[in-house]
Amino acid sequence: MKEPFLHPHRFFDPDPSIRRIAVELHASVEKLPILSPHGHVDARILAENVPFPDPTELIIIPDHYIFRMLYSQGIPLERLGVPTVDGSPVEQDHRKIWQLFAESYHFFAGTPTAAWLAYELSELFGIDEPLGPTNGLAVYDRIAERLRTKEFLPRELFARFGIEVLATTDGPADSLEPHRRLRERPLSGRVIPTFRPDPVVDLMRPSWRRELGALSKASGMEIDSYRSYIRAIEERRAYFKEMGAVATDQGVESPAAKRLSQGEAEGIFARALRGEATAEDTARFTANMLMEMARMSAEDGLVMQIHPGSLRNHNSRLFQRFGLDKGADIPIATEYTRSLRELLNEYGNDPRFSLVVFTLDETTYSRELAPLAGHYPAMKLGASWWFHDSLQGMTRFREQATETAGFYNTVGFTDDTRAFPSIPARHDLSRRLDANFLAGLVARHVIGMEEALTLARALAYDLAKRAYRL
Amino acid sequence: MKEPFLHPHRFFDPDPSIRRIAVELHASVEKLPILSPHGHVDARILAENVPFPDPTELIIIPDHYIFRMLYSQGIPLERLGVPTVDGSPVEQDHRKIWQLFAESYHFFAGTPTAAWLAYELSELFGIDEPLGPTNGLAVYDRIAERLRTKEFLPRELFARFGIEVLATTDGPADSLEPHRRLRERPLSGRVIPTFRPDPVVDLMRPSWRRELGALSKASGMEIDSYRSYIRAIEERRAYFKEMGAVATDQGVESPAAKRLSQGEAEGIFARALRGEATAEDTARFTANMLMEMARMSAEDGLVMQIHPGSLRNHNSRLFQRFGLDKGADIPIATEYTRSLRELLNEYGNDPRFSLVVFTLDETTYSRELAPLAGHYPAMKLGASWWFHDSLQGMTRFREQATETAGFYNTVGFTDDTRAFPSIPARHDLSRRLDANFLAGLVARHVIGMEEALTLARALAYDLAKRAYRL
Amino acid sequence: MKEPFLHPHRFFDPDPSIRRIAVELHASVEKLPILSPHGHVDARILAENVPFPDPTELIIIPDHYIFRMLYSQGIPLERLGVPTVDGSPVEQDHRKIWQLFAESYHFFAGTPTAAWLAYELSELFGIDEPLGPTNGLAVYDRIAERLRTKEFLPRELFARFGIEVLATTDGPADSLEPHRRLRERPLSGRVIPTFRPDPVVDLMRPSWRRELGALSKASGMEIDSYRSYIRAIEERRAYFKEMGAVATDQGVESPAAKRLSQGEAEGIFARALRGEATAEDTARFTANMLMEMARMSAEDGLVMQIHPGSLRNHNSRLFQRFGLDKGADIPIATEYTRSLRELLNEYGNDPRFSLVVFTLDETTYSRELAPLAGHYPAMKLGASWWFHDSLQGMTRFREQATETAGFYNTVGFTDDTRAFPSIPARHDLSRRLDANFLAGLVARHVIGMEEALTLARALAYDLAKRAYRL
């Protein structure tokens, strides 16, 4: 008997008693609406609602999970059609790129990328066999054909996916124009922005000065001092909130939070305006801005998210040629206990404040994050993230965080995706893994079945709804 | 068919071949006497033998595992009756507190606290259903009623629990008066003190000067120099030993051990006496005292225990209002290889010396602790501790330490509890988890069944007996 | 029914569906030839082909896995016949040593040493019961008898083990004379050297000056400057390559790689020649040599291996009395993301360059190493190493590295052994564990059976062949 390509019991423990329970738990949450409170989908896709161009443009070119793996196996990004910064030519034949991808499909064995792709191929495009050298172009054509149909327009897919809320991630100066258009022509669910101030917080970015100008323009305020800078940010947060935002987000190398005196902050800001900020200035300024963002969140009620611990653009040559987000961001060891102490001492006991912390350093789950979230009322743990948004990664998160933080100090799943069509694939994976984890607890008589049913729903839906105040 | 509340096969792997073996192994150790060589039970409870006041006072108010979880979910400690430092009023209605706890019981799903509570409710109080909003007060009344009976007097419970040895943890100036009384009126098992010098070692504690006075008084020695300080400590160790102590214990932020010259030690001590010790002085003094305590242990034969890696009182506001041990102690990354080098070079090869090391940083199990314990004759690994005294935590400890250190470089289970009635619950959990771990090895043909039976007994009883020289 | 001593299904998950698949996958790779691209077997054993002396000399005295465990349980190394540096007498009665080992066999329960020993006893010597106090001497005699037969001559065993390639590890000045003799009288497989320059790279070694002299002699070049030193190393690499080497190896405390200017390098080298190099000089020189070795590898095509993170000779007394490699090398936390950045920026995108990185810090699998190997084309992950070359260790490696790096950015198994007769035992263990890991993926429908069969072969054979260019 041939295995179905997308097995109905995929990702569940093969032990019959666990599997039986996992199937039941999963069935109870499978059809729940999707809450996606953090991710990187471009709202314009939904506002414009034009057909997706072709399979390569849809699935390969924007997905750093995919092309970094191919790159690691010696395939130049040029051959994958990844655009260069200077516009120097790259492969334009998308069928050829797809075929190369199909021939390289085995490199993904055992990775979440393979799991997501299988779901997309099967559930979205009705293709019920793995991609490979022999069927590559046939699959391409079949997907391409579907993408031209009305059913595959972004807004149709949004409805079909059952998305209740989709949060985007937006720069501080962003006009949120697509969000405005989506308000005028509502979808079956909400699309909301998220305030991410990184471009004006990270003083070392070459674009900082320019971004500051954009912030000034967007806020309608002159920014000539730290004081006016802070006011402009507060102004933008208010605008985002008005546009439906429920949260902010910050990507920082270190989560160290430490308030500067007004004088120090003004001093560093002035140096940055003159292009003289040092690396140390930058680190101290970022630490201060974590404190400021926490203060603002306590005041305006936007949930604060921190995504720390990635050393961005590790590969300088690749960065110079292809720019940001090309799979060359590498995690570093991250410290939370001392780093967040000042912030949590100041705001962690404040019932108005809500902080969701993510990590790329799994050693911190049991050592630092679960103990912190298991104590401070304001702090919750974000889902296992990025490299750890995977079968084993999710399992480790639950195994290492639950016993100290419990389930109720976590916030459910966040797909964090750039790839719109992969959203249901990612939630499918997470709901299955959570069902399986709970089933293991039931089978070992750690929790009861009724409790597990409540928790399965909480992890798939309720916790995200509550944590992000959706 | 309804699941029993306390399933006889709880915590065992559901795979039938593992479960069958686990059941057999567990049955072979289930009734062994309890050795509790490290914990925080107050000996006065047993010396005075008065009835426990009420369920809330017994189970909630002293247990930071419980109230920190409730606090993390937004319930103020005042509402839980946790006493304030300044005596400002907190909830006094213990039935109301219990009901609040019962309504919050689901927050503990999947935590060891839930497992311990289930055992206590069922085995101790005969309550065979989980606590919840509807049965909260009925359960309260039932427990309260039992607590008034003779069978629930502390000495009766001590016998019923089958405790062979119970070690308390005591300050260096402690009179050990309850221990003296217990000698006069022996229990069914031994209650022995443990020498923990932290109050006079940590120079930064506001109470250091006062504790030094108490030490002076207790030892009958004037302490005006480092030299006399050391003699006073030696004197107190001798007294503790005479009173039955087999071990010492030190809670330190870092396990770094480094001897100071006599001159340096005297210099720091003199500064501390003048209230001028710096943070660096404190760290160096503590590092020196680890060396001194090791020397004394080599000389007097008391087993040395180190519990490092907790950043105490992370939440300053909570600390100011409620004091120590309120669930706000958060682990930090801990280094052992370099930190313990001087100590192990000096004493690690000495057959008179025995060192038991604990950790809150699980990354050190396989990287540092197992290799050290798998080499130095004097060093053994303490059980998985605190946040890691849990189902997954114990499993990770065995999985990550055993292959390098073997079983015989570990010391069995230490419950480390403050909550006297939870002692058997904790040993039940640990015996089950060890039985299950061994069963997994048998089922995978890594060890044989006879070997597993010997090891199950070793982990439950023999290793603690030998390591602590009981 | 009595369990067989060496169970045919050993190390496989007891779940019937996983076990069935594991058995099938294992059967498909069980008989593949052995590739051993990194290890510490002495080539003279095979060149000279004299009978192994006796069981104690073969199995106990050279194996630090064994005697460190016995030492940790209080057995002096002298009683185990481990030779002293100064030649002071140690136990010479090898039967007595073996009996002591047999009586201590239970200390190894659950360790990979026990698994390897069981394989050797059973498969190699036909002994089908565990070693213990009662059969110790009988087993000794049986092994001793076999060792005197022709079938147990090293070259016979080499053929029987099915070794296709065996790499040794050799100092930079090594004449490779045994390798030369093996060329003249070929074995059933290749024995190739590996260039390990540590003795002339680590400026702090007391023997550095002497080793430099040997390097000068071996290369036929006067070494009076950094420049000539580098040329001598290049010359020796060329010689090793000519003698069949495919790789180099470096054991370093830290993997930090950072090029020095020519002037700085000459300055440090001159200080080292005068015996004035500092610890900081040493660290900077080693970091520079990692860059230089990478450059040379890009040029001459030898695969570069790095084994970092061991603090050697932790126990000074033991080191003074017994010398190197006595089980007292203890891992330390190791950082790769920042440490390897300069090296990977310079050479990581170079198709001529191939780098295999090992670790003793398992926290880096998912946090740093898999993301790096999952991006840089030149970098691959070495197998789980040393303390982690074990059942759980291999499983953790696969679980933590695969989802980000995939299987194809790893290089298969390296046994890294000093103990020639344990080679097949180690490959047996690794092939079983990989089969079991893949079986778990198949049973959870993460990969298909055909894919698993391809991967089982890749992990056992193909990946090593490709990565080491064999």
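Just so it is clear, none of the values below were taken in a lab; they were calculated from the coordinates. Given the structure is predicted, the values throughout are model-derived calculations rather than measurements. Here Cβ is always computed from backbone atoms with ideal geometry, including for glycine, and neighbour counts include all displayed protein chains.
Rounded to whole Hz and in sequence order, give me ³J(HN,Hα) for region B:89-97 from the Karplus expression 6.51 cos²θ - 1.76 cosθ + 1.60, θ = phi - 60°, writing x for Gly and Pro.
These are the phi-based 3J(HN,Hα) values: x, 10, 3, 10, 7, 6, 5, 5, 4 Hz.
Enumerate the whole-percent occupancy of each 5 Å bin, from 0 to the last occupied one, for all C-alpha pair distances of region B:301-425.
Whole-percent P(r) values from 0 Å outward: 2, 10, 19, 21, 19, 14, 9, 5, 2, 0.
What whole number of Å gives the distance from the Cα centroid of region B:93-140 to the Cα centroid of region B:249-316?
41
Please list the non-local residues whose amide H lies under 5 Å from the amide H of A:Gln250, H modeled 1.01 Å from N, same-chain partners needing a gap of 5 or more.
The answer is A:Gln305, A:Ile306, A:His307.
Could you work out the per residue convex hull volume over the alpha carbons of region C:368-470, in cubic angstrom? Intermediate values should be presented prior to the final figure.
Numbers: hull volume 10.6 nm³, N = 103.
It comes to 103 Å³ per residue, whole-number rounded.
Which cross-chain or sequence-distant (5 or more) residues have an amide H under 5 Å from the amide H of A:Val446, H modelled 1.01 Å from N in plane?
Counting only residues 5 or more places away or on other chains, the set is B:Phe11.
Hey, got the Cα dimensions of chain B along the principal axes, in Å, largest first?
Principal-axis extents of chain B (Cα, largest first): 73, 59, 44 Å.
Average partner chain C-beta neighbours within 10 Å, per residue of C:104-115? Write down the numbers at each step before the final one.
Details: counts 1, 1, 8, 6, 4, 14, 16, 8, 3, 3, 5, 4.
Counting Cβ atoms of other protein chains within 10 Å of each residue's Cβ and averaging gives 6.
Quick check on my link table: of A:Lys96/A:Lys326; B:Lys2/C:Lys2; B:Lys380/C:Lys31, which ones sit more than 32 Å apart, alpha carbon to alpha carbon?
On the way: A:Lys96/A:Lys326 21 Å; B:Lys2/C:Lys2 38 Å; B:Lys380/C:Lys31 41 Å.
Too far apart for the 32 Å limit: B:Lys2/C:Lys2; B:Lys380/C:Lys31.
Tell me the distances, shortest first, between C:His7 and the same position across the other copies, using label points 7 Å along Cα→Cβ, in nm to one decimal.
2.3, 2.3
Computed over the Cα atoms of region A:193-243, what is the ratio Rg over Rh, Rh following Kirkwood? Display every interim value, and only then the final one.
Details: Rg = 10.4 Å, Rh = 11.1 Å.
Here the Rg-to-Rh quotient is 0.95.
Order these by the 10 Å Cβ neighbour count, fewest first: B:Glu368, B:Glu184, A:Glu266.
The fewest-first ordering by Cβ neighbours comes to B:Glu184, A:Glu266, B:Glu368.
Rg and Dmax of region B:308-381, Cα atoms, in Å?
Here Rg and the maximum Cα pair distance are 15.6, 47 Å.
Which ordering of B:Phe108, C:Phe161, A:Phe413 is given by a fewest-first count of other beta-carbon atoms within 10 Å? List each step's numbers first, then the result.
Numbers: B:Phe108 25, C:Phe161 21, A:Phe413 28.
With the fewest neighbours first, B:Phe108, C:Phe161, A:Phe413 line up as C:Phe161, B:Phe108, A:Phe413.
Just the number, please: percent antiparallel of the DSSP beta bridges in the protein assembly as shown, rounded to the nearest 5. Walk me through the intermediate numbers first.
Numbers: 6 of 69 bridges.
Of all bridge pairs located within the protein assembly as shown, approximately 10 percent are antiparallel.
Taking Cα atoms of region C:241-292, Rg/Rh with Kirkwood Rh, to two decimals? Provide the component values of the computation, followed by the final result.
Numbers: Rg = 12.9 Å, Rh = 12.1 Å.
Expressed as Rg/Rh, it is 1.07.
Could you work out, residue by residue across B:328-336, how many beta carbons of other chains sit within 10 Å of that residue's beta carbon, and then give the average as an integer? Intermediate results must be reported in sequence, preceding the final value.
Working: counts 6, 3, 15, 9, 6, 11, 1, 2, 2.
So the per-residue partner count for this stretch is 6.
On alpha carbon coordinates alone, what is the Rg over Rh value for region B:51-150, Rh being the Kirkwood radius?
On the way: Rg = 13.0 Å, Rh = 13.8 Å.
My calculation of the ratio gives 0.95.
Enter the Cα centre distance for the pair region B:52-74 and region A:363-417, rounded to the nearest angstrom.
24
From the convex hull of the Cα coordinates of region A:398-437, what is the mean projected area in square nanometres? Please report the intermediate quantities before stating the final value.
On the way: hull surface 12.3 nm².
Over every viewing direction, the Cα hull of region A:398-437 projects on average to 3.1 nm².
Can you give me the three principal axis dimensions of region B:222-269 from its C-alpha atoms, in Å, biggest first?
34, 30, 14
With the contact rule set at Cα under 8 Å and sequence spacing of 6 or more, what percent relative contact order holds for chain A?
Values: 783 pairs, mean separation 95.9, N = 470.
After rounding, I find 20 percent.
From the C-alpha coordinates alone, can you work out the Kirkwood hydrodynamic radius of region C:1-85, in Å? Mind dumping the intermediate values first?
Details: mean 1/r = 0.0580 Å⁻¹.
Its Kirkwood hydrodynamic radius stands at 17.2 Å.
When each copy gets a label point 7 Å from Cα toward the beta-carbon at A:Val85, what are the spacings between them in nm, shortest first?
In nanometres, ordered from closest: 5.3, 5.3.
Would you grab the residues whose amide H sits under 5 Å from the one on B:Arg190? Only those 5+ places off in sequence or on another chain, please, with H modelled 1.01 Å from N.
B:Val165, B:Leu166
With a 10 Å Cβ neighbour count serving as the proxy for reagent exposure, in which order, fewest first, do B:Arg457, B:Arg190, A:Arg367, B:Arg469 appear? Before the final figure, lay out the partial values.
On the way: B:Arg457 15, B:Arg190 18, A:Arg367 30, B:Arg469 12.
Lowest count first: B:Arg469, B:Arg457, B:Arg190, A:Arg367.
How far is C:Pro351 from the same spot in each other copy, in nm, shortest first, if each label point sits 7 Å from Cα toward Cβ?
Label-point separations across copies, in nm and ascending: 6.5, 6.5.
For the protein assembly as shown, what are Rg and Dmax over the alpha carbons, in angstrom?
32.1, 93
Taking just the C-alpha trace of region A:7-53, give me its Rg and Dmax in Å.
In Å, with Rg to one decimal and Dmax whole: 17.3, 48.
For the peptides C:322-332, B:87-97, what is the packing order when you average, over each peptide's residues, the other Cβ atoms within 10 Å and list the highest mean first?
Numbers: C:322-332: 20.7, B:87-97: 13.7.
Highest to lowest by the protection proxy: C:322-332, B:87-97.
Sequence gap at least 6, Cα distance under 8 Å: using those rules, report the relative contact order of region C:52-152 to the nearest whole percent.
On the way: 90 pairs, mean separation 30.0, N = 101.
Result for region C:52-152 is 30 percent.
Using the crude model of +1 on Lys and Arg Cβ and -1 on Asp and Glu Cβ, and no other charge, please compute the dipole size for chain A relative to its Cα centre, in debye to 20.
Values: 57 positive and 65 negative charges, 90 e Å.
Around 440 debye, computed over chain A.
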